[in-house]
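Q: Below are the structure tokens for one structure; questions will follow.
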Amino acid sequence: MERKANNLISEKSPYLLQHAYNPVKWYPWSNEVFIKARRDDKPVFLSIGYSTCHWCHVMERESFEDAEVAELMNEIFYSVKVDREERPDIDKIYMKYCQLLTGSGGWPLTIIMTPDKKPFFAATYIPKYNKYGKMGMLELIPRIKDLWSNKRGEIIKSSGNITRHFLSQEISAAGDELDKSIFDQTFDRLFKLFDNTNGGFGTFPKFPSMQHLYFLLRYWKRTNNEYALRMVEKTIRAMRSGGIWDHIGFGFHRYSTDEKWIIPHFEKMLYDQALISIACIEAFQATRDKIYKEIAGDIFTYILRDMTSTEGGFYSAQDADSEGVEGKFYTWTTAGINKMFPEKESELIIDFFSIGRSSLDSGSVLYNEKSMADIAQKYNIPIKDLNNILTKARKKMFSEREKRIHPFKDDKILTDWNGLMVHAMAMGARTFDNNSYYFAAKAAADFIISNLTEKDGSLLHRYRDSQSAIPANLDDYAFFIMGLLGLYETSFNIKYLETAIRLNAYLMENFWDNKNGGFYFTKEGNDLSNLRQKDIYDGSLPSGNSIAILNLIKLARITADTSLEDKARKALGAFSGIVKKAPEAYTQFISSADFILGPSFEIVLVGDIRLKETKKIFTSLNKTFIPNKIFLLKVSRSKEPGISNIALYTENMHTINNKPTIYICSGYSCKLPTNNIGKALELLNAT
């Protein structure tokens, strides 16, 4: 029987296209569908998910592909599908509704609402039949029909109450100004949450909470608390040893279902790779331990090999499932390894990767229960030789794995997630002196500038299949500006700094809350303007406000525009009340406060970056953990004003003794310039 396409067939979102041949008569989100629902007096069934979501696939197979369920849905509802990655503005609003109504949330997100977009029912995954303690679709839908037909007044009253409660949840909760005591409070909370045995925070499921690590590194820098650094190192190393790490093809899976990081949820997200690699780069700067350089480098290898488009942008995600089975692509069996390798070698490989010790239906998850040193001692092999054996084995296993059916790849290019990876790659380029990372960051940034920028200077959110669409949100601006600032500090190309300044001005003009401070997630004037929200929670992604505040203080210090610093401090105050109640939920925000509250540094290097002596200073400064700094280059003997057009205070900075010269300012005062990198590091308290 030939399948008939529904109204999603013309969409660009891979997630929506996955549902384009469901018998459910799906519509994309639009004003038209709500007009039709009002005209035909039907409630709206809103389903929000994303292309690599495992339980979204399960609900589709059980219900949305089922003729019996589809017939009921088509009779009772107008059904709307939303890709949460395309429309995070819609997702944030209705996820908050779900959390208010049920006390929890997740994806797939199911909302049933009136035609004026006011919800009266919320859930996540719903099975076809009653199970798992959940009401099934076949029972739920007739109940909704009965309520809509016979108890409409109660529904309208309930949805109105929910909406009023929602709108009263103002995230800006101004309190006393944040001071440096917030850092000790945050550390104490993280200390209590830390899993001293396995690394990470909490029990299970265990997520890679990188914002916690960023804060801990800054806390270590501020206080010299060695346990803060230990928490960072323990977490990164445990993740790298666990099954959450793809030991064969590299990259991190989304999260671990257990507290030991062994059994992952297998999807891979671009933003996780960016955020984890940033933590590894900072850990390398803090410790100079090459293991963190290696992990970051392996993540970048995965991104450049599998997640980079020919046009330069970075793809969004890879699915957890292949052939309808979660993790099948990534798991192995002892029989498969024995078939690939000679007996002694296969025994070592099975032992090193713990094959057979933690198995799923599809095979065993790879993880390191034993260290390299343990394996070397057990098999009486020098570490160097063992490393060579394992490197060759990984390559062979990778080639064999490539023959398998690959998980689905979501190839849309998102401005916000690309901004994070541009920042990570640029940071890796200057820290590790690696041009390939720089060229990748540059190509992605240039792609966004060329393909996702409107004529009025605003950004768009999504690119796929030669189409750019969807007005950008706060995260798009904040994360991309951060990436541009990082790219400037790597290349000193003024173009990226100028673009960052221009985009920040647009953000201030269109997203800033003039009354209370802070940034709204969406620009005023979209179809949900009456439900505009300000988000500050630093979850799987840092909040747009946290990063926008950091950008503000950096741009203030670069340009000497004190009005930007005033805005940054106002935003700190706007959210201080809610942050103080649970600082562990806002660790990126508190890291941004760490920059504002200081100490922080403005570093100007005057010299020719092409010269060996200037490059040496540049490399030394970038290999050192100095988190709260801005770094400018003034080209010596240049007839072009360059950076002095933007940072006027650099106009009279020149080389001394005809050598590259370092100027350092902090706390609104400047030190004497120096040619000596050792002296500069001493002034930065970085030695």
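The values are calculated or read from the model by the stated rules, or taken from the named source; none is laboratory data. Fair warning: this is a prediction, and the values are worked out from it, not measured in the lab. Here the Cβ is made from the backbone with ideal geometry for all residues, glycine too, and neighbour counts use every protein chain on show.
Q: Which one of these is of a type in the set (A, V, I, L, M, F, W, C), touching a strand residue (DSSP E or B) at 6+ places or on another chain (Cβ under 9 Å), assigned to a helix (DSSP H, G or I) and more than 21 Å from TYR496 (Cβ to Cβ): ALA571, ALA593?
A: That would be ALA571, the only listed residue that is of a type in the set (A, V, I, L, M, F, W, C), touching a strand residue (DSSP E or B) at 6+ places or on another chain (Cβ under 9 Å), assigned to a helix (DSSP H, G or I) and more than 21 Å from TYR496 (Cβ to Cβ).
Q: I would also like to ask the following. Output the residue which, of all residues in the stretch 3-33 that are among the small types (Gly, Ala, Ser) and surrounded by fewer than 21 Cβ atoms within 10 Å (Cβ to Cβ), is farthest from GLU62 (Cα to Cα).
A: SER30
Q: For the list (1) assigned to a helix (DSSP H, G or I); (2) under 29 Å from GLY200 (Cβ atoms); (3) in contact (Cβ under 8 Å) with a residue 60 or more places away in the chain, I need the number of the one condition that LEU555 fails.
A: The failed condition is (2).
Q: Of all residues in the stretch 514-540 being touching a strand residue (DSSP E or B) at 6+ places or on another chain (Cβ under 7 Å) and of a type outside the set (A, V, I, L, M, F, W, C), which is farthest from TYR214 (Cα to Cα)?
A: Only one residue tops the list, namely ASN526.
Q: Can you work out which of the residues in the stretch 358-375 that are hydrophobic (A, V, I, L, M, F, W, C) and surrounded by fewer than 19 Cβ atoms within 10 Å (Cβ to Cβ) is farthest from ARG394 (Cα to Cα)?
A: Here the answer is LEU360.
Q: Now for a separate question. Which one is farthest from the chain's Cα centre (by Cα) among residues in the stretch 461-474 that are surrounded by 19 or more Cβ atoms within 10 Å (Cβ to Cβ) and more than 11 Å from LEU507 (Cβ to Cβ)?
A: SER468
Q: Among the residues of the stretch 619-637, are any buried (at least 22 other Cβ atoms within 10 Å of the Cβ), farther than 20 Å from ARG502 by Cβ and without any contact (Cβ under 8 Å) to a residue 40 or more places away in the chain?
A: Scanning the stretch 619-637, I find at least one residue that is buried (at least 22 other Cβ atoms within 10 Å of the Cβ), farther than 20 Å from ARG502 by Cβ and without any contact (Cβ under 8 Å) to a residue 40 or more places away in the chain, so the answer is yes.
Q: Check ILE609 against each of (1) over 27 Å from ARG222 (Cα atoms); (2) without any contact (Cβ under 8 Å) to a residue 60 or more places away in the chain and name the one condition it does not meet.
A: The one condition ILE609 does not meet is (2).
Q: If you don't mind, another one. Would you confirm, using the coordinates I've provided, whether GLN211 is under 16 Å from the mean Cα position of the chain (by Cα) and closer than 23 Å to SER591 by Cβ? Give the steps one after another, and end with the answer.
A: On the way: under 16 Å from the mean Cα position of the chain (by Cα): yes; closer than 23 Å to SER591 by Cβ: yes.
For GLN211, the condition - under 16 Å from the mean Cα position of the chain (by Cα) and closer than 23 Å to SER591 by Cβ - is met.
Q: Given SER576, SER620, which one is part of a helix (DSSP H, G or I), over 30 Å from GLY202 (Cβ atoms) and either out of contact with any Pro (no Cβ under 9 Å at 6 or more places or on another chain) or modelled with pLDDT under 95 (or both)?
A: SER620
Q: Here's another thing I want to ask about it. Consider LEU507 against the criteria (1) in contact (Cβ under 8 Å) with a residue 24 or more places away in the chain; (2) closer than 24 Å to SER277 by Cβ: it satisfies all of them except one. Which criterion is unmet?
A: With (1) in contact (Cβ under 8 Å) with a residue 24 or more places away in the chain; (2) closer than 24 Å to SER277 by Cβ applied to LEU507, the lone miss is (2).
Q: Scan the stretch 263-295 for residues that are farther than 30 Å from ASN224 by Cβ and surrounded by fewer than 21 Cβ atoms within 10 Å (Cβ to Cβ) and jot them down.
A: If the condition is that a residue be farther than 30 Å from ASN224 by Cβ and surrounded by fewer than 21 Cβ atoms within 10 Å (Cβ to Cβ), then HIS265 is the only one that fits.
Q: Quick check on the stretch 363-372. Is at least one of its residues touching a Leu at 6+ places or on another chain (Cβ under 7 Å) and not assigned by TED's automatic domain parsing to the domain that holds ASP246?
A: Within the stretch 363-372, the subset touching a Leu at 6+ places or on another chain (Cβ under 7 Å) is 372.
Narrowing the set further to residues that are not assigned by TED's automatic domain parsing to the domain that holds ASP246 leaves 372.
Looking for residues that are touching a Leu at 6+ places or on another chain (Cβ under 7 Å) and not assigned by TED's automatic domain parsing to the domain that holds ASP246, one finds at least one in the stretch 363-372, hence yes.
Q: Being of a type in the set (Lys, Arg) and part of a loop (DSSP other than H, G, I, E, B) is the requirement here; does ARG404 meet it? First the steps, then the outcome.
A: On the way: of a type in the set (Lys, Arg): yes; part of a loop (DSSP other than H, G, I, E, B): yes.
Considered against the rule, which asks whether it is of a type in the set (Lys, Arg) and part of a loop (DSSP other than H, G, I, E, B), ARG404 comes out as yes.
Q: If you don't mind, there's one more thing I want to ask. Please give the strands (runs of 3 or more DSSP E) falling wholly within the stretch 23-115 in which 1 or more residues are basic (Lys, Arg).
A: Numbers: elements: 26-28, 44-49, 78-83, 109-113.
Output list reads 78-83.
Q: Being in contact with a strand residue (DSSP E or B) (Cβ under 6 Å, 6 or more places away or on another chain) and closer than 22 Å to ASN368 by Cβ narrows it down to one of TYR292, TYR255, so name that one.
A: After ruling out the rest, the residue left standing is TYR255.
Q: Condition first: among the charged types (D, E, K, R) and crowded, with 23+ Cβ neighbours inside 10 Å. Now tell me which residues in the stretch 60-82 satisfy that.
A: Within the stretch 60-82, just LYS81 meets the criteria.
Q: Report, ordered by the first and then the second residue, all pairs with beta carbons closer than 6 Å, sequence separation of six or more or different chains, a first member in the stretch 92-112 that is touching a residue at least 12 places away in the same chain (Cβ under 8 Å) and buried (at least 21 other Cβ atoms within 10 Å of the Cβ), and a second member that is of a type in the set (Gly, Ala, Ser) and not in a strand (DSSP E or B).
A: Pairs that qualify, where the first residue is touching a residue at least 12 places away in the same chain (Cβ under 8 Å) and buried (at least 21 other Cβ atoms within 10 Å of the Cβ) and the partner is of a type in the set (Gly, Ala, Ser) and not in a strand (DSSP E or B), are CYS98/GLY105.
Q: Follow-up question, since we're still on this one. Testing CYS670 on (1) under 17 Å from PHE631 (Cβ atoms); (2) crowded, with 16+ Cβ neighbours inside 10 Å, one condition comes back false. Which one is that?
A: Answer for CYS670: the failing condition is (2).
Q: Taking the conditions exactly as written (surrounded by 14 or more Cβ atoms within 10 Å (Cβ to Cβ), over 35 Å from the mean Cα position of the chain (by Cα) and part of a helix (DSSP H, G or I)), does ILE155 satisfy them or not?
A: Taking the combined requirement at face value, the residue satisfies it.
Q: OK, next. Return only the number of the condition from (1) over 23 Å from ARG222 (Cα atoms); (2) touching a Gly at 6+ places or on another chain (Cβ under 7 Å) that LEU633 does not satisfy.
A: All conditions pass for LEU633, except number (2).
Q: Oh, and also: Restricting attention to the stretch 346-360, does a residue exist that is closer than 30 Å to GLU85 by Cα, outside any loop (DSSP other than H, G, I, E, B) and in contact with a Gly (Cβ under 8 Å, 6 or more places away or on another chain)? Before you say what the answer is, go through the steps one by one.
A: Initially, the stretch 346-360 is screened for residues closer than 30 Å to GLU85 by Cα, giving 360.
This time we only want the ones that are outside any loop (DSSP other than H, G, I, E, B), so: 360.
Those still in the list that are in contact with a Gly (Cβ under 8 Å, 6 or more places away or on another chain) too: 360.
The answer is yes, given that some residue of the stretch 346-360 is closer than 30 Å to GLU85 by Cα, outside any loop (DSSP other than H, G, I, E, B) and in contact with a Gly (Cβ under 8 Å, 6 or more places away or on another chain).
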